[in-house]
Each structure stands twice: as C-alpha cells, then as structure tokens.
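Below is one structure, written out as structure tokens, with a few remarks after it.
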Amino acid sequence: MAKLGPTPDAISTILACPDPSGSVERPDIVIQVLDLGPRGITYKFTASDGKMKLKGMFSSQLASQITSGNIQNLGLVRILDYAVNEIPGMSENYVLVKQCEVVSPALETEIKNEVKSEVKSGEVGIILKPKQEMVSKSASQIVHEQNGNMAPAVRMAMTRRVHPLVSLNPYQGNWTIKVRVTNKGTMRTYKNARGEGCVFNVELTDEEGTQIQATMFNEAAKKFFEKFELGKVYYISKGSLRVANKQFKTVQNDYEMNLNENSEVEEAINEAAFVPETKFNFVPVDMLGPHVNGKELVDVIGVVQSVSPTMSIRRKSNNESIPKRDITIADETKKTVVVSLWGELATSVGQELLDIADQSPIVAIKSLKVGDFQGVSLSTLSRSTVVVNPELPEAKRLRSWYDSEGKGASLASVGNGMSPLAKSGARSMYSDRVSLSHISDDPSLGEDKPVFFSVKAFISSIRPDQALWYRACKTCNKKVTEAIGSGYWCEACQKNDEECSLRYILVARVTDASGEAYLSLFNEEAERVIGCSADELDKLKSQEGEENVYQLKLKQATWVPHLFRVSVSQNEYNNEKRKRITARAVAPVDFAAESKFLLEEISKMKASQ
C-alpha cells in the first residue's frame, strides 16, 4: 500500500501557476496542513510538501469543513482551486485555497523530506515564474486588456489576479477586487471644524458572498457617485482598508474600505456576471433584546405565523406614501416577533407570503433594524434581503421542529419579556441591580448598543410645566394632529376621528442613595408612577379652585419607592452624545422580596471578604 504524503514539489507547482483558473490541465496537488488556526471568519494555515512551506488561508466557504473536523491540522488535503497573493512589505506569498478535498485526517507528525525552508519571494522557489507575471494588476489594466486585445481565456485568468474580500487587510497595498454593488447610499453633506464636505457609501459583495462597506469623501464622492450603479459588477483597485467603526458599520466585516480620488473603479463588461451568495448570521428571536435601538443590523429566520394586508404610511419628511406590511415569525425559541416590510418588499415578497401563508413558509431576512415598538420589533431597510423557503441547513432544521412540535406549541411575543405587565418583568427587577451612580458615572455605557439594568429609586420631582402627554390615535396610539374643521387626523391610519386619547411621554428626576438621574417614561410606566391616566390628569389640570389638584397629584407621586427596569443608550444631538435612560418596566417594591434580595447580597459580601 502506497504511503500517504504530500505531492513532491507541490509548493513549487503552486508558485509556478499563481492562478490556475484558466489552465486546461491541473496537476495533482496534495499538501499537509500545519499550524491551522482561526483568522476572523476563516482559517489560516501553513502548506507543506515536506520540503518547502507556504503560508495559506482557507476560503470562508470551507470554514464549516474545519469546524466539523473534516479538515484537520497535520492532515492531508488535495487543492482543487486556489490563488497565490503577495503580502506587501513582508517579501512573502500566501495561497488562498478556494476548493479542496480531504485526503487524510491528522497524521501522527509533520512529514519532512528535506531541511524545511520558508518560501520568500526573493528565493529560488519563486524564480520558477517571471516576477513581472506575479504583479497584481489594477482595475483599469484588467478592463483595458479585456476590451483592447481580448486575450484568450487562459491568458486572462493568469493576468487578472483578483483578490477575494476575505483575504484583504489594512497592511496590503496592491490589490484588485471584483465585486457587485449590493447597496448604494445617498450623497450626504456634513459640516465640522475642518469645513464642509460630502460623503456616500456603497456595500460591495464578491462572488463568495463576503461583504464590505466602502466610503468616499468629497472629490472621490463626486467622482464615483454616478459611476457606481446598484447591481453592476466592478473591478476596484488602489483603495485602503481600516478597522470598521462599530457604530456605523452595516455589514459583517471587521474592516471597511476607503476610496479616494486616485482609486480606480472600472465596470466589468464583456464577461459573465456573477450572483453573490447571500450569507446570513442569524440571531435567535429570543436574543433580539440586546440589539434594540442598536446601530448593528441583524439577520433572522423564522416560520411565518401571520401576514397583514398592505397599509399606506405617509412619510413625515416628504409627505410621500409608502406601502407597509407586517408579518409575524416564530423560531425554535418559541418566541414570535413582528417584521415590518417596507416599500417594494411589502408589495412583492409580502404578497407572495400572503398567498402561501396557510403553508407556514419559512423566511430568511438579512439586514433588519431592531426597534422597541411593542418591546421588540424588526423593520426592513433598502438593503434588506428576504428569501422565501431558502435552501439552508437552518431552514431544514426549523421546518423539522415546526412540523413535529412547533405547530402545536404555545408561542409568546419576544416583547412580552420587556413589558411591565409580564410576569418576567417583576422577576427581572432583581437581576442586574445597580445604583444610579453606576449608570451616570460611566460615560461609555450604552455607546455601542443599549444595555439593561434594574434600579430601586424614588421619583424626586416631575416638572409640571413640561409637555407630559401627546394626542394619540385611539386605534394605533400614534400622534394625531387637529384636522381642518373638526376632529383629529392620524397619518398612520389615514383617517379622521372626532376624538383622540392622551398618552404620557415625560421626564422625571429619580434619586437613590448614590445620586440622581433623569428618567424617560412612556404611557404604561408613567401611569404606574402617577397613578392615573393622562386623560384623567388633564381633567385635573383644567379644574379651578384654591388648591391646584393637578400639581398636588404630581407631588403625591414623588418620594415613593419603585423598582425600575431601564435601558441605557446614547443618542447624538447637535454632534454631541447624550445618554438616555428609559424606563422599560415599573413595579412597586415588594418589601418581603426586597428584604430577601438584600440578605442575599449581604451574604455574598461576607463570603467575598
């Protein structure tokens, strides 16, 4: 039986043909995997043929084979497709393995045929290929060669040297990528201490489905805004990368790209276009809470429980009507959440879901914004993607669960856990308990995404001269305006009603032993603090007499202890970050439960001494 081992001179063979995509005959290349380890969403390794070594990286599509144990350190793999790239400033190359098959699991030890040597670009191992053929070509060079001499496919494959997005990092200087524009932002203007300017972003996706956000400022923005068209494929070169700002990033990538006026962007024409693979990073429905009002977008997958008719919503900014449709989905956590589909998604995919709603279809949705309506809610954006009944392992697992037990299971809205009426709301008052000073003294709290705490505090004052409520539609609770003639107009419901209701939206000062803070309260929470509805308080305000019963009612609400479940977030106002503390649940103090909690805290303090 032949002894297992790598192909002799496999590394030399790889270096002699840096991009074999156009080769008619591909040699058999078997290498041993050494130093296998994670790098971001993929894995790096060292390729060895027993005599020479070459740094390498597996494509993100092969990550599942590594996590499942098919590809192992010290194992043998046959490389079926690859590309060799340079590491600028380090005089080294690395191979990106796009496709491979496992020859053998981990061997007992590293195979060594001769004295090993690290491959450098200046050493003999790379002289097998003339240096000028290994230089990465810019986007304009690639397109010029395609349109000018229409070189044969084999020659084109050897000269293209396109880098996959997963292989890029801030330390590379000379690269070319081939990407599709999957989202294009609007041109925005800004003003700061350095002056005025303009900026816009695009989201780029390569053939493997890896995404990156590219930003252009001022002259570059003006140069490329018209050139980039949604859905078209481009070669891009002479850009730079930096670590992504978590506050503003919209795609799953550790880096973001910056293009300046010297960058090259050329449309890929006269060749077959590609459809990027859509990659999902699903968040379970019961784990959406920490993402509420956060900057980062989420992906979800669920079984459709209900689909609403299309509604017409009028935008405040330009008074334009846009269609909206709500769908309710559930997953294996036995929680449901409402997803609002906007625009074309409401009329196209939304109608498709309505037609097959009785079949309980599965939907996978990418890039959703998480809001706090009804506790937790999801909304699509212009970049969102909806796939009905996707061919994904998660979809098959979800279908199996739903058909076997989910269909008859008791499902609850994920927002209920954040409601003051929910039983879990009262229990949560004793988890994550902190003092007000813990919240007010930490300037970074809630910077990336909202954080949740419990506090025991007193309402120390409620300013009677503030706007304590707003006029609301009795159907949807949205704000209404006085209609011409009589009644009240609701933009959301697109109807005129003779009556409206009042709903609280107020700010109160709260105090505990450590300090004080300002707390925002909405209708349900404010009713528990004040002890009456906004309509009832408005009637007290209109009463005349020697004693001001309105102010007396507000005074009676002060210096009463409450348990609050609060969210802490940071919002920008006039380019200044402001911390906002919002009451998500309010409960009266149960002195027996509070005493038990304090005794447990004392026991913990004694045990730690």
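The values are calculated or read from the model by the stated rules, or taken from the named source; none is laboratory data. Keep in mind that what you see is a predicted model, and the values were worked out from it rather than measured. Heads up, the Cβs are rebuilt from the backbone with ideal geometry, glycines too, and the neighbour counts pull from every protein chain shown. All accessible areas refer to the heavy atoms of the entire protein, side chains included, with ligands and DNA or RNA removed. Shrake-Rupley method; radii C 1.70, N 1.55, O 1.52, S 1.80 Å.
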query: If you plug each phi of region 366-380 into the Karplus form 6.51 cos²θ - 1.76 cosθ + 1.60 with θ = phi - 60°, what whole-Hz ³J(HN,Hα) values come out, in order, with x for Gly and Pro?
result: 9, 6, 10, 8, 9, x, 10, 5, 6, x, 9, 8, 10, 9, 7
field: Long-range amide H partners of Ile313 with built H, under 5 Å
entry: Ile322, Lys324
- request: Evaluate E = 1/(1 + (r/R0)^6) for Tyr171 and Asp590, where r is the Cβ-Cβ distance and R0 equals 56 Å; express this FRET efficiency to the nearest 0.05.
  value: 0.45
task: Select from region 540-609 those GluC sites (Glu not before Pro) which occupy a DSSP coil region and have at most 10 other Cβ atoms within 10 Å, ordered by residue number.
output: Glu544, Glu546, Glu547
task: Quote the FRET efficiency, to the nearest 0.05, computed for Ser542 versus Asn571 with a Förster distance R0 of 35 Å and r equal to the Cβ-Cβ distance.
output: 0.55
task: Show the residues, 5+ positions off or on another chain, whose built amide H is closer than 5 Å to the amide H of Ser306.
output: Thr328
- request: Starting from the Cα-Cα distance between Lys295 and Asp441, subtract it from 0.36 nm times their residue separation and give me the gain in nm to one decimal.
  value: 50.3 nm
field: Where labels lie 7 Å past Cα in the beta-carbon direction, separation of Glu110 and Phe597 in nm
entry: 5.7
task: Within region 277-346, list the trypsin sites (Lys or Arg not before Pro) lying in a DSSP loop whose Cβ has at most 16 other Cβ atoms in a 10 Å radius.
output: Lys295, Arg315, Lys316, Lys334
- prompt: Which length gain, in nm to one decimal place, applies between Asn70 and Asp355 when the Cα-Cα distance is subtracted from 0.36 nm times their residue separation?
  reply: 98.4 nm
field: Amide proton proximity set for Ile505, modelled H, under 5 Å, gap of 5+
entry: Trp469, Tyr470
- request: Distance check, please: which entries in Lys44/Lys238; Lys184/Lys479; Lys335/Lys579; Lys366/Lys478; Lys184/Lys232 exceed 21 angstrom between their Cα atoms?
  value: Lys44/Lys238; Lys184/Lys479; Lys335/Lys579; Lys366/Lys478
query: With charges only on Cβ, +1 for K and R and -1 for D and E, what is the dipole size of region 160-267 about its Cα centre, in debye, rounded to 20?
result: 240
- request: At a Cα cut-off below 17 Å, give the lysines reachable from Lys112, other chains included and same-chain residues fewer than 8 away excluded.
  value: Lys3, Lys51, Lys53, Lys55
field: For region 61-72, 3J(HN,Hα) per residue [Karplus equation, 6.51 cos²θ - 1.76 cosθ + 1.60, θ = phi - 60°, Hz, x = Gly/Pro]
entry: 5, 9, 4, 5, 5, 7, 5, 7, x, 5, 9, 10
- prompt: With labels modelled as points extended 7 Å from the Cα through the Cβ direction, what inter-label distance (nm, one decimal) is found for Asn319 paired with Gln556?
  reply: 4.5
- request: Set the Förster distance to 22 Å, then compute FRET efficiency between Ser520 and Cys476 from the Cβ-Cβ distance, nearest 0.05.
  value: 0.55
³J(HN,Hα), Karplus 6.51/-1.76/1.60, whole Hz, each residue of region 444-461, x for Gly, Pro: 8, 5, x, 6, 7, 7, x, 10, 10, 9, 10, 9, 10, 8, 10, 6, 8, 6
query: What nm value, rounded to one decimal, do you get for the distance between Val388 and Lys495 when each label is placed 7 Å out toward the C-beta?
result: 2.9
- prompt: How large is the accessible surface per residue of region 10-104, computed with a 1.4 Å probe and reported in Å² as a whole number?
  reply: 37
